[in-house]
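**Student:** Sharing a structure below in structure tokens format, with a few things to ask.
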Amino acid sequence: MHFDLPDLRLFIHIAESPSLTQGARKAFLSPAAASARIKALESQLGSRLLYRDSRGVELTPAGQRLLQHARLIMRQVDYLKSEFTEYGTDAAGHIRIFANTTAVTEFLPEVLAGFLAERPGVTVDLQERLSRDIVRGVLDGAADLGIIAGPVQAPGLQVLHFSTDRLVLAVPLGHALAQRQSVSFNDTLAYQHIGLHEGSTLLSFLREQVEKLGGNLALRIQVSSFEAICRMIEGGVGIGIIPESAARRHSRTMQLAILQLDEAWAVRERSMLVRELDALPGSVRALIDRLKQGV
């Protein structure tokens with residue numbers, strides 16, 4: 001059985017696109033040529049890979065399996081190219097990162113700014129994902145590196161701890177809770193919260209904790225960043241649960257009271273997820289080393 005790398009890359013483009021036409025465009029092929037290549041691939045494998053209708057394409061179970069293997073193969077090809085680039089082992093390459101909300105909005109921009117400034121030949125694709133999607137993405141080879149907070153269930157992956165943060169409650173000065181040193185999560189549910197946008201890892205995590213308590217998280221407004229949450233809190237709109245690192249930073253310029261949460265889950269271990277550290281290209285290993293130096 002023989003596979004052409006361009007056909008595997010085409011299949012990935014189509015699988016990650018809403019339609020065959022858009023996938024073909026990413027591969028710089030006409031829809032007819034792309035369709036012919038996919039049919040030839042299906043014939044070679046003896047399995048149907050795509051369901052096609054007026055709404056676009058959907059992967060069959062066989063297509064899902066091929067996508068997993070195709071991603072891994074193409075990532076290894078990319079790794080091979082980066083290892084032999086003229087720039088050196090860690091000065092060039094492309095890194096795809098799946099990370100949680102805190103990583104994407106808080107510490108990674110600063111870390112990546114310095115890292116990329118030193119390595120003009122490196123490019124990065126940073127995507128915010130839910131925890132389960134981060135794990136799955138690294139397992140499937142869709143991402144080189146995953147960054148996650150809290151307990152990790154990731155069989156088959158290497159888990160590299162690199163820092164610790166804590167979730168805290170931020171309230172406006174003068175709030176009924178402002179004079180307390182700590183508070184339980186259940187006690188906060190009596191007040192209106194400021195939350196992150198739908199799909200953020202922190203909001204999803206807090207909703208899981210609410211569900212365990214059988215309570216209700218009253219969201220007055222949802223915003224896109226921790227800074228926006230703090231501005232809403234300072235304005236008296238509501239209260240919010242955010243990472244302590246963000247709360248301390250914004251409290252230097254905003255009128256906020258910060259309370260500890262009396263919950264074991266408030267302490268959040270940050271970890272990096274990889275399939276096999278020694279098999280990663282130099283640029284990814286260099287970024288991992290940078291994160292291990294401290295955030």
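**Student:** Could you check the stretch 172-196 and list, in sequence order, the residues that are within 28 Å of the chain's Cα centre (by Cα) and buried (at least 17 other Cβ atoms within 10 Å of the Cβ)?
**Tutor:** Phe185, Thr188, His193, Ile194, Gly195, Leu196 - these are the residues of the stretch 172-196 that are within 28 Å of the chain's Cα centre (by Cα) and buried (at least 17 other Cβ atoms within 10 Å of the Cβ).
**Student:** Still on this structure: What are the residues in the stretch 232-245 that are over 30 Å from Gly141 (Cβ atoms) and within 25 Å of the chain's Cα centre (by Cα), if any?
**Tutor:** Gly240, Ile241, Ile242, Glu244, Ser245
**Student:** Here's something else I'd like to know. Any residue at all in the stretch 82-102 that's among the small types (Gly, Ala, Ser), assigned to a helix (DSSP H, G or I) and over 23 Å from Val284 (Cβ atoms)?
**Tutor:** Scanning the stretch 82-102, I find no residue that is among the small types (Gly, Ala, Ser), assigned to a helix (DSSP H, G or I) and over 23 Å from Val284 (Cβ atoms), so the answer is no.
**Student:** Right, another one. Working carefully through the options Glu198, Glu234, find the one that is at pLDDT below 95 and either more than 15 Å from Glu106 (Cα to Cα) or of a type in the set (Lys, Arg) (or both).
**Tutor:** Glu198
**Student:** Restricting attention to the stretch 248-295, report how many residues are free of Cβ contacts under 8 Å to residues at least 40 places away in the same chain and either among the basic types (Lys, Arg) or within 28 Å of Asp144 (Cα to Cα) (or both).
**Tutor:** Going through the stretch 248-295 one residue at a time, the tally reaches 6.
**Student:** Given the criterion of a type in the set (Asp, Glu) and either surrounded by 20 or more Cβ atoms within 10 Å (Cβ to Cβ) or in contact with a helix residue (DSSP H, G or I) (Cβ under 8 Å, 6 or more places away or on another chain) (or both), identify the matching residue among Asp125, Asp144.
**Tutor:** The unique qualifying residue is Asp144.
**Student:** While we're on this one: Quick one: how many residues across the stretch 109-138 are more than 11 Å from the chain's Cα centre (by Cα) and either in a loop (DSSP other than H, G, I, E, B) or at pLDDT 90 or above (or both)?
**Tutor:** The number of residues fulfilling the criteria is 15.
**Student:** What number of residues within the stretch 246-295 satisfy the criterion of being farther than 26 Å from Ala92 by Cα, of a type outside the set (D, E, K, R) and under 19 Å from the mean Cα position of the chain (by Cα)?
**Tutor:** Looking only at that region, the number is 1.
**Student:** Sort through Leu177, Leu189 and tell me the only one that's touching a residue at least 12 places away in the same chain (Cβ under 8 Å), among the hydrophobic types (A, V, I, L, M, F, W, C) and out of contact with any Asp or Glu (no Cβ under 9 Å at 6 or more places or on another chain).
**Tutor:** Leu189
**Student:** Let me ask something else. May I ask you to list the residues in the stretch 194-219 that are over 21 Å from Leu130 (Cα atoms) and in contact with a strand residue (DSSP E or B) (Cβ under 9 Å, 6 or more places away or on another chain)?
**Tutor:** Ala218
**Student:** Here's a check for you: in the stretch 257-295, which residue that is within 19 Å of Gly141 (Cα to Cα) and charged (D, E, K, R) is modelled with the lowest pLDDT?
**Tutor:** Residue satisfying both the conditions and the ranking: Asp278.
**Student:** Could you check the stretch 3-16 and list, in sequence order, the residues that are under 23 Å from the mean Cα position of the chain (by Cα) and without any contact (Cβ under 8 Å) to a residue 40 or more places away in the chain?
**Tutor:** His13, Glu16
The values are calculated or read from the model by the stated rules, or taken from the named source; none is laboratory data. Fair warning: this is a prediction, and the values are worked out from it, not measured in the lab. Note: ideal-geometry Cβ built from the backbone for every residue, glycine included; neighbour counts use all protein chains shown.
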